Amino acid sequence: MATEFNLVTSTRYDPVNLVEGDRYWLLPLHVNRLKQAAKEHGWTNVKALTVDEVRLECERAVSEFIDADETTAFKIRILLSPDGILTATANATRPLPPLSNPEFPEIFETPLSYWSETEDAEGSNESSKAPQARLPLVSLYIDSQPTPPTIFTRTKTTNRKHYDEARTRAGLFPMTTASASSSVANHPAANTAQPSDCDVILFTPESLVSETSIRNVAFRRTFPSGSIAWLTPPLSTGCLPGVMRRYLLDQGRIQEARDGDLKKEDVTTGQWVMVFNGVEGVRMGKVMDHASISR
């Protein structure tokens with residue numbers, strides 16, 4: 001019997017940090033991805049979705065939680081069933097530091113030495129001097145086994161078995177609906193440690209880096225001309241066509257790597273990796289040794 005699943009996409013409601021003038025981040029891109037995924041899965045019963053329809057369902061989900069001053073940000077998880085039923089749920093999420101706002105170019109231009117210096121400060125008695133304008137670094141661990149590309153890596157669904165298995169192999173807790181993308185408490189603090197602060201880098205049977213369990217990735221490269229770019233794995237690796245990935249590509253913040261350019265063998269302990277999704281915006285991660293994992 002075939003596994004039952006829904007399509008899923010997660011956006012951010014943020015009344016303080018708008019993206020393209022909208023407190024619901026990138027809804028048109030979310031709707032387009034849902035439509036493409038429904039088509040790829042052959043769901044002929046799904047009616048044509050509209051941005052207005054999805055926005056209305058998001059507003060319904062958020063309305064019962066909005067506080068009086070309307071400053072709380074929410075992760076909105078949107079589900080689409082095979083028969084076209086659309087539902088959304090909202091959970092409070094972390095405040096967004098300026099460096100994570102995808103509309104701002106600063107994080108893409110920040111020297112890597114900044115992250116080393118702030119990491120050292122946070123681990124010393126001078127932690128109070130560390131800049132607070134960012135979320136904690138994401139600890140990244142390289143998977144020990146490949147994840148073959150399938151329709152379930154190319155489309156975002158509630159079938160997350162391959163991601164949960166990768167996290168388990170890395171010694172990390174699987175992400176649950178409640179914990180994914182920093183969804184805790186009513187008003188989670190930006191610097192509160194959460195399961196999403198650790199992630200696993202996936203790669204294909206051909207040893208090509210694809211993504212992480214809840215984010216797309218980009219690697220910094222310096223070219224002979226002296227120019228610098230952040231390169232993200234191409235869709236040919238089977239990675240999820242993330243909404244934030246699409247936005248950053250359209251804005252020229254990142255570039256798609258050529259086939260075969262981003263290999264697992266080139267990812268080393270201590271390397272800085274940019275990670276991003278439609279709820280957290282843009283964050284910096286660091287590749288860690290598996291021996292450093294503490295559960």
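Mind checking the per residue accessible area of segment 7-92 for me, 1.4 Å probe, whole number of Å²? Please report the intermediate quantities before stating the final value.
Working: 4010 Å² over 86 residues.
I get 47 Å² per residue for this part.
Among 42, 25, 10, whose Cα projects farthest towards the positive end of the dipole of segment 7-92, with charges put on the beta-carbon of Lys, Arg (+1) and Asp, Glu (-1)?
42
Taking the inverse of the average 1/r across all pairs of different Cα atoms in segment 195-295, what Kirkwood radius in Å do you get? Show your work: numbers first, answer last.
Numbers: mean 1/r = 0.0715 Å⁻¹.
Averaging 1/r across every pair of different Cα atoms and inverting gives 14.0 Å.
Within straight cross-link reach of residue 156, meaning Cα distance under 12 Å, which aspartates and glutamates are found once same-chain residues fewer than 8 apart are removed?
Of all the aspartates and glutamates, those that pass the test against residue 156 - Cα under 12 Å, at least 8 places apart if same chain - are 40.
Averaging sequence separations of C-alpha pairs under 8 Å and six or more residues apart, then dividing by the length of segment 7-92, give the relative contact order as a whole percent. It would help to have the intermediate numbers written out before the result.
Numbers: 131 pairs, mean separation 31.2, N = 86.
So the answer I get is 36 percent.
Using unit Cβ charges (K, R positive; D, E negative) and no other charged atoms, how large, in debye to the nearest 20, is the dipole of segment 14-55 about its Cα centre? It would help to have the intermediate numbers written out before the result.
On the way: 6 positive and 6 negative charges, 40 e Å.
Once rounded to the nearest 20, the dipole reads 200 debye.
Heavy atoms only, probe 1.4 Å: what % of the accessible area of segment 7-92 goes to carbon and sulfur, would you let me know? Provide the component values of the computation, followed by the final result.
Working: 2020 of 4010 Å².
Here carbon and sulfur together make up 50 percent of the probe-accessible area.
Distance check, please: which entries in 39/263; 35/75; 39/264 exceed 23 angstrom between their Cα atoms? Kindly include the intermediate steps, with their values, before the conclusion.
Working: 39/263 31 Å; 35/75 21 Å; 39/264 31 Å.
From 39/263; 35/75; 39/264, over 23 Å: 39/263; 39/264.
The values are calculated or read from the model by the stated rules, or taken from the named source; none is laboratory data. Predicted model, so just to flag it, every value in this text is computed and none were measured. Don't worry about glycine lacking a Cβ; one is built from the backbone with ideal geometry, like all the others, and counts go over all protein chains shown. The accessibility values were calculated without ligands, DNA or RNA, using every heavy atom of the protein model including side chains. Shrake-Rupley method; radii C 1.70, N 1.55, O 1.52, S 1.80 Å.
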